[in-house]
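The values are calculated or read from the model by the stated rules, or taken from the named source; none is laboratory data. What you are looking at is a predicted structure, and each value in this text was computed from that prediction instead of being measured. No Cβ is skipped: glycine too gets one built from the backbone with ideal geometry, and neighbour counts run over all protein chains shown.
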Amino acid sequence: MNKPLILIVIILASLSTYAQTKLFDDFTYMMTKKEAYSLLKNNKKKFTSFLLGTSNFFTLRKGSLIFEKDDLIHITIWSKSNLNLKKTKQMLNTSINHLKSQGFELVYAQPDWENPLSKQKNRPYIRLIHKKNKIMVEVEPRGRAEAYNIFLSYYDLDWFREKLVGL
């Protein structure tokens with residue numbers, strides 16, 4: 001193989017790597033399980049408690065990484081500590097505002113989404129998309145009484161659309 005052809009192959013390979021959808025932080029859609037676990041292990045302290053918005057501390061653990069055939073397909077992070085109802089309402093608003101400030105656009109929300117007590121089961125709670133980065137985030141409070149957590153699930157938008165079409 002001649003040198004210009006090798007150079008073109010290397011450039012194309014590197015471009016396809018950069019074209020991958022960045023799901024969250026340095027985690028990319030279709031990243032191998034080995035790469036994802038290595039990234040998590042090497043940044044364990046960083047992902048144990050990180051801030052999203054004002055006073056919204058979240059955590060990302062091994063169980064946050066969801067794989068299909070050893071490739072990362074989505075990530076779910078959750079609030080670091082249990083929240084009472086009042087704090088859950090505040091964190092929902094803060095989380096949505098933070099995501100909007102990052103370029104996400106609200107595309108679906110349950111009626112009265114600011115009140116977790118009115119949550120309709122078996123329906124998405126809140127969905128936001130980032131058109132440019134091709135990411136969808138689902139936001140959902142889970143819990144009851146005085147013990148809630150906020151969950152944010154990050155998906156590749158094209159993957160999510162394919163799954164919906166497949167239903």
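Going by what's in this entry, would Ile66 be described as in contact with a helix residue (DSSP H, G or I) (Cβ under 9 Å, 6 or more places away or on another chain) and not small (Gly, Ala, Ser)? Against the criterion (in contact with a helix residue (DSSP H, G or I) (Cβ under 9 Å, 6 or more places away or on another chain) and not small (Gly, Ala, Ser)), Ile66 does not qualify.
Evaluate the following for Leu65: is it at pLDDT 95 or above, within 14 Å of the chain's Cα centre (by Cα), crowded, with 16+ Cβ neighbours inside 10 Å and not aromatic (Phe, Trp, Tyr)?
Here the answer is yes, as Leu65 does meet what is asked.
When Leu92 is tested against (1) part of a loop (DSSP other than H, G, I, E, B); (2) over 21 Å from Asp26 (Cβ atoms), just one condition goes unmet, and that condition is (1).
Note on the stretch 132-163: among residues that are over 18 Å from Asn82 (Cβ atoms) and of a type in the set (D, E, K, R), the one that is surrounded by the most Cβ atoms within 10 Å (Cβ to Cβ) is Asp156. Residue pairs whose Cβ atoms lie under 7 Å apart, separated by 6 or more positions or on different chains, with the first residue in the stretch 78-95 and under 8 Å from Asn149 (Cα atoms) and the second modelled with pLDDT under 95 and part of a helix (DSSP H, G or I), are Ser79/Met91; Leu83/Met91; Thr88/Pro116. Asp112 meets each of the listed conditions (1) surrounded by 13 or more Cβ atoms within 10 Å (Cβ to Cβ); (2) in contact with a helix residue (DSSP H, G or I) (Cβ under 6 Å, 6 or more places away or on another chain) apart from (1).
Answer with yes or no whether Ile129 is over 26 Å from Asn84 (Cβ atoms), touching a Phe, Trp or Tyr at 6+ places or on another chain (Cβ under 7 Å), of a type outside the set (Ser, Thr, Tyr) and assigned to a strand (DSSP E or B). The answer is yes for Ile129. Filtered by the rule that a residue be of a type in the set (A, V, I, L, M) and surrounded by 14 or more Cβ atoms within 10 Å (Cβ to Cβ), the stretch 72-109 gives Leu72, Ile73, Ile75, Ile77, Leu83, Leu85, Met91, Leu92, Ile96, Leu99, Leu106, Ala109. Total residues in the stretch 41-61 satisfying the condition of being within 17 Å of the chain's Cα centre (by Cα) and in contact (Cβ under 8 Å) with a residue 24 or more places away in the chain: the figure is 7.
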